[in-house]
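Worksheet: the structure to be examined is printed underneath.
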Amino acid sequence: MSVDPMTYEAQFFGFTPQTCMLRIYIAFQDYLFEVMQAVEQVILKKLDGIPDCDISPVQIRKCTEKFLCFMKGHFDNLFSKMEQLFLQLILRIPSNILLPEDKCKETPYSEEDFQHLQKEIEQLQEKYKTELCTKQALLAELEEQKIVQAKLKQTLAFFDELQNVGRDHGN
């Protein structure tokens, strides 16, 4: 199995190509074992139908195991070649290709563009500071207005009391 992490491919496919190849390998290997078991069962059934057969089930098992080892060796050899081809030609994203989410990195900025962006950032920071100061001034004015409003309510209440006293005493 390959050691290269192929992270860009994993980002695109949603899985690593090595994981894909491992799953294919395991699936092929499982099918090879199943086929060998089926072949062994067929041979055993055929031998049961032959009278006076000198071949025992143990001998058949040994022969199928030898054949399985032979097939597995060839399969591993072929699979390693197939894996290299898949990882190099099919499951690899060429270096000149960008994924849609990386398109913003495609156009490099010049020094002039960078300076322009820096200036714009400074202007925005100044505007932000100005807005903060304005907010603080408005909040302070609001607090003053609340205090003045409370004093006005007190004054109005005082005049209401004076008017009530004047009515009560006939003035």
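The values are calculated or read from the model by the stated rules, or taken from the named source; none is laboratory data. Just so it is clear, the structure is predicted and the values come from calculations on it, not from any experiment. Every residue, glycine as well, gets a Cβ built from its backbone with ideal geometry; the counts of neighbours run over all protein chains shown. Just the protein is used for accessible areas: all its heavy atoms, side chains included, with ligands, DNA and RNA removed. Shrake-Rupley method; radii C 1.70, N 1.55, O 1.52, S 1.80 Å.
Restricting attention to segment 1-107, which GluC sites (Glu not before Pro) occupy a DSSP loop and are surrounded by at most 11 other Cβ atoms within 10 Å? Present the calculation step by step, with values, prior to reporting the outcome.
Details: sites: Glu9, Glu34, Glu40, Glu65, Glu83, Glu101, Glu106; in loops: Glu106.
Counting only loop positions with at most 11 other Cβ atoms within 10 Å, the GluC sites (Glu not before Pro) in segment 1-107 are Glu106.
Would you calculate, for the chain, the mean residue ellipticity at 222 nm contributed by helices, counting each DSSP H stretch of 4 or more residues as -39,500 (n - 2.57) and dividing by all residues, to the nearest 500? Don't jump to the answer; show the numbers that get you there.
Numbers: 4 runs with 126 residues, N = 171.
It comes out at -26500 deg cm²/dmol, rounded to the nearest 500.
For His74, His116, give the ranking by accessible area with the largest first, probe 1.4 Å. Write out the running numbers ahead of the final one.
Values: His74 90, His116 115 Å².
Solvent-accessible surface, decreasing: His116, His74.
Please build a GNM for the chain, connecting alpha carbons under 10 Å apart, and tell me which residue among Cys63, Cys104, Cys53 fluctuates the most.
With Cα springs under 10 Å in the chain, the top fluctuation among Cys63, Cys104, Cys53 is at Cys53.
With a 1.4 Å probe and all protein chains left in place, how much accessible area per residue does segment 49-114 have, in Å²? Mind showing how you got there, number by number?
On the way: 5490 Å² over 66 residues.
Computed with neighbouring chains in place, this is 83 Å² per residue.
Of the residues Leu98, Leu68, Leu138, which exhibits the maximal mean-square fluctuation in a Gaussian network model of the chain defined by a 10 Å Cα contact cut-off?
Between Leu98, Leu68, Leu138, it is Leu138 that shows the largest mean-square fluctuation.
What part of the accessible area of the chain, given as a whole %, is carbon or sulfur when the probe is 1.4 angstrom? Intermediate values should be presented prior to the final figure.
Values: 8810 of 14440 Å².
That fraction is 61 percent.
Compute, for segment 11-143, the length of the dipole vector about the Cα centre, with Cβ point charges of +1 (Lys, Arg) and -1 (Asp, Glu) only. Units Debye, rounded to 20.
Details: 15 positive and 21 negative charges, 176 e Å.
For this selection, approximately 840 debye.
Calculate the dipole size of segment 86-171 relative to its Cα centre from +1 charges on Lys and Arg beta carbons and -1 charges on Asp and Glu beta carbons; express the result in debye to the nearest 20.
Numbers: 11 positive and 16 negative charges, 57 e Å.
About 280 debye.
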